[in-house]
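Peer 1: Dumping the structure here so I can ask a few things about it.
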Amino acid sequence: MIDTQQADWMSFMQGDMLVYAAGIGMVMVVLLVWHALSGSEVTEKRLKSVMQRRDDLRSELKAQSTRREGLLQKDFFKQLAATLKNTPWLYSDNLRKNLARAGLRNKEAVGLFAMTKIGLPIILFILALFLTAGLGIAEKKPLIKLLMMLGLPIVAFVVPDTWLKNAIQKREDVLRKSLPDAFDLLVICAEAGLGLDAALDRVAREMTQSTPVLAEEIGITAVELGFLPDRRVALMGFAERVQLPSVRALVNTLTQSERYGTPLAQALRVLSSELREERMMKAEEKAAKLPATLTVPMILFILPTLFIVLLGPAIIRVFDLNH
C-alpha cells in the first residue's frame with residue numbers, strides 16, 4: 001500500500017514538474033518575442049549609453065579636480081566588483097573590457113556577470129539535488145546521477161563566458177559590415193571642412209537609425225575626444241572597444257593626422273577604398289569556397305533523393321514483373 005502511495009506521489013510530482021517546465025518555457029517564449037518586437041527602443045538605448053559615458057567623464061573630471069574620491073559613496077555592485085578583483089579564477093583584468101566590447105558598459109555589469117557566474121551553478125546544483133534526491137530520478141543509475149550533480153554546475157559555470165564570447169563576435173560582425181559606410185561619411189565630413197570631433201559626432205547622428213551599434217561607438221569616441229585631455233587616449237579607447245583591423249588602421253590614421261597635420265580627407269579616402277577592396281576580396285573568397293562547402297550536403301541530401309526519383313519507378317517495375 002505504501003509503495004503504491006509513493007508511486008502515485010512520484011507520478012503526481014513528475015506531472016507537476018512537466019507542467020511547471022511547460023509554463024517556464026511559455027514564459028521564456030513570450031519574453032523572447034517581446035524582446036524581438038522591442039526593436040524601436042534600440043536607438044534610445046544607444047543614445048542613453050552615449051549620454052551615460054558623457055556623464056561618467058564629467059563626474060571623473062570633477063572628482064579629479066576636487067580630490068574627493070574618498071568621499072564618494074560606493075554602491076553594492078562597485079563594492080562587489082572590488083571584492084571580486086581578489087578572486088583571479090572569477091575576475092580577470094580583461095573582463096570589463098570584454099563586457100564593453102559586448103556592449104555592456106553599465107557600472108553594474110561586472111557585478112551582475114560575476115553574480116550570474118556564481119549563482120547559476122548553485123541553482124542548477126540545487127535543482128539536480130532535488131531531482132535526484134527528492135524525486136528519485138536516476139536512483140538506480142549512479143553514473144547519470146553523478147553527471148547531473150557535477151555536470152550541470154560545471155556547464156552553468158562555463159555558459160556565461162561562452163555567451164560573452166558569442167555576444168562579442170556578433171557585435172563585431174555587425175560593426176565590420178557597417179564600417180565602410182562610416183568611412184565614406186567621414187570622408188564626406190572631412191572634405192566639407194569639419195574637424196575630427198564634429199565629423200565623428202555627425203557620423204554618429206547620421207548612422208543612429210541604420211547602424212545603432214557603430215553609432216554608439218563613434219558617439220562615445222566623439223565624447224571622449226571632447227573631454228579627455230589626451231586625444232590619443234580617446235582614439236586608442238575606440239580601438240580597444242572595437243578590436244578590428246580596420247578600426248585599428250582608422251585610429252592609426254587619425255593619430256598620425258593629429259600629430260603631423262596630414263590631410264585627413266585624403267587619408268580617409270585611401271583607407272575607405274582599401275576597406276571596400278578587402279570586403280570584396282572576402283566575399284569572393286567565400287564564393288570560391290561555396291562549391292566545396294556544398295559537396296557534403298549534396299552527397300547526403302540531394303543525390304539520394306535524385307537517385308530515388310530516377311531509379312524508383314524502374315525498381316518498382318522490376319518487382320512487378322517478378323511477381
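Peer 1: Please go through segment 139-160 and pick out each residue that is in contact with a Lys or Arg (Cβ under 8 Å, 6 or more places away or on another chain) and surrounded by fewer than 14 Cβ atoms within 10 Å (Cβ to Cβ). Show your work before the answer.
Peer 2: Of all residues in segment 139-160, those in contact with a Lys or Arg (Cβ under 8 Å, 6 or more places away or on another chain) come to 139, 157, 160.
Residue satisfying the conditions is 139 alone.
Peer 1: State the number of residues belonging to segment 195-212 that are surrounded by fewer than 18 Cβ atoms within 10 Å (Cβ to Cβ) and within 18 Å of residue 235 (Cα to Cα).
Peer 2: 3
Peer 1: On to the next question. Looking at (1) at pLDDT 85 or above; (2) charged (D, E, K, R); (3) over 24 Å from residue 197 (Cβ atoms), can you tell me which one residue 248 breaks?
Peer 2: Condition (3) is where residue 248 drops out.
Peer 1: From 155, 110, grab the single residue that is out of contact with any helix residue (DSSP H, G or I) (no Cβ under 6 Å at 6 or more places or on another chain) and either within 30 Å of residue 241 (Cβ to Cβ) or modelled with pLDDT of 80 or more (or both). Walk me through how you get there before you give the answer.
Peer 2: Working: 110 fails: out of contact with any helix residue (DSSP H, G or I) (no Cβ under 6 Å at 6 or more places or on another chain).
None of the others qualify; the one that does is 155.
Peer 1: Please note which helices (runs of 4 or more DSSP H) are completely contained in segment 210-264 and include at least 2 residues that are among the acidic types (Asp, Glu). Break it down into steps so the answer makes sense when it comes.
Peer 2: Values: elements: 212-227, 231-241, 245-260.
The helices (runs of 4 or more DSSP H) meeting that bar are 212-227.
Peer 1: Restricting to segment 176-209, name every residue that is assigned to a loop (DSSP other than H, G, I, E, B) and hydrophobic (A, V, I, L, M, F, W, C).
Peer 2: 192, 194, 207
Peer 1: Examine segment 311-322 for a residue that is of a type in the set (D, E, K, R) and loosely packed, with under 12 Cβ neighbours inside 10 Å, and state whether such a residue exists.
Peer 2: There is at least one residue in segment 311-322 that is of a type in the set (D, E, K, R) and loosely packed, with under 12 Cβ neighbours inside 10 Å.
Peer 1: A further question on this structure: Looking at residue 294, is it of a type outside the set (Asp, Glu) and under 30 Å from residue 203 (Cα atoms)?
Peer 2: Working: of a type outside the set (Asp, Glu): yes; under 30 Å from residue 203 (Cα atoms): no.
Spelling it out, it is not the case that residue 294 is of a type outside the set (Asp, Glu) and under 30 Å from residue 203 (Cα atoms).
Peer 1: When residue 277 is evaluated against the numbered criteria (1) touching a helix residue (DSSP H, G or I) at 6+ places or on another chain (Cβ under 9 Å); (2) part of a helix (DSSP H, G or I); (3) at pLDDT below 85, which criterion, by number, is the only one it fails?
Peer 2: (1)
Peer 1: Within segment 140-162, is there a residue that is among the small types (Gly, Ala, Ser) and either assigned by TED's automatic domain parsing to the domain that holds residue 254 or touching a residue at least 40 places away in the same chain (Cβ under 8 Å) (or both)?
Peer 2: Just the residues of segment 140-162 that are among the small types (Gly, Ala, Ser), to begin with: 151, 156.
Those left that are additionally either assigned by TED's automatic domain parsing to the domain that holds residue 254 or touching a residue at least 40 places away in the same chain (Cβ under 8 Å) (or both): none.
No, because not a single residue in segment 140-162 is among the small types (Gly, Ala, Ser) and either assigned by TED's automatic domain parsing to the domain that holds residue 254 or touching a residue at least 40 places away in the same chain (Cβ under 8 Å) (or both).
The values are calculated or read from the model by the stated rules, or taken from the named source; none is laboratory data. Every value quoted in this text rests on a predicted model; they were computed, and no experiment measured them. As a convention, Cβ positions derive from the backbone with ideal geometry for all residues, glycine included, and neighbour counts pool all protein chains shown.
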